[in-house]
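What follows is one structure encoded as structure tokens, with my remarks underneath.
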């Protein structure tokens, strides 16, 4: 497993860091770190049935979003070390507590550990595994997850190269993310439900940014032309909250307006996807979970 960390190419950055001796672009070494593992009640309804989703938040990130709500763990180093075996036991414990799925949040930088942990659960884990990510994924890494993941939950954050470079330090975001989403759809196929809960498939999330509804509309048009209405689910989020370094960019240093959000909904509606929306009440820091450092 260490070989995959020695010349790291797990994410599209391809930074090539030897993470056994230094940290990669993601700010992580070859030691698996998480910052929270608990039942999570704030996902889309079909992801969050029963007692909630079994959310595991990983430390570090391959993106550098200036508005990241989870910046304490994505960019500021919060988290604690565990082993693959301990990750396996955390998954099984969440299942025992009634989780409807195992929700792996921003774990790209630890894919070798994640695959090992899932392998250790074989025959004992009976709920779907969700890969919840920012969308900035290499096709090769997503392809390596075939057989490990039941549900993909990627963001599609930007259409514009200018915006993705400015806000997330990833000018190639749209090209990279759309290729990765194609591979996710190829792998798991059309959405499948067990009662009200999603058990297999792809749900694409998009967070509407203030001042940039036109970019969001471009994304809706892309998805509508790329996929049939029954191939993916869509979640259009209004929860944007100006936190972290948002104040460096006055145009996004505010909450979303109802007008902006509804214009994006209007653009999406004509394509007939099964989709989820949020009330503006979700745009509060109250919904950001508490993260933990060393335990």
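The values are calculated or read from the model by the stated rules, or taken from the named source; none is laboratory data. What you are looking at is a predicted structure, and each value in this text was computed from that prediction instead of being measured. Neighbour counts run over all protein chains shown; Cβ positions are idealised from the backbone, glycine included.
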Picked from the range 29-43 (must be modelled with pLDDT under 95 and surrounded by 19 or more Cβ atoms within 10 Å (Cβ to Cβ)), the residue farthest from residue 83 (Cα to Cα) is 43
Out of all the residues in the range 217-251, which are more than 16 Å from residue 154 (Cβ to Cβ) and crowded, with 21+ Cβ neighbours inside 10 Å? 238, 240, 246
Within the range 187-206, is there a residue that is more than 13 Å from residue 156 (Cα to Cα), assigned to a helix (DSSP H, G or I) and modelled with pLDDT of 95 or more? yes
Quick test for you: out of 286, 253, pick the one residue that is on the phi < 0 side of the Ramachandran plot and at pLDDT 95 or above. 253
For the range 111-126: of the residues being buried (at least 21 other Cβ atoms within 10 Å of the Cβ) and closer than 18 Å to residue 38 by Cβ, which is nearest to the chain's Cα centre (by Cα)? 114
Applying the selection to the range 64-87, what residues are surrounded by fewer than 22 Cβ atoms within 10 Å (Cβ to Cβ) and part of a helix (DSSP H, G or I)? 71, 72, 84, 85, 86
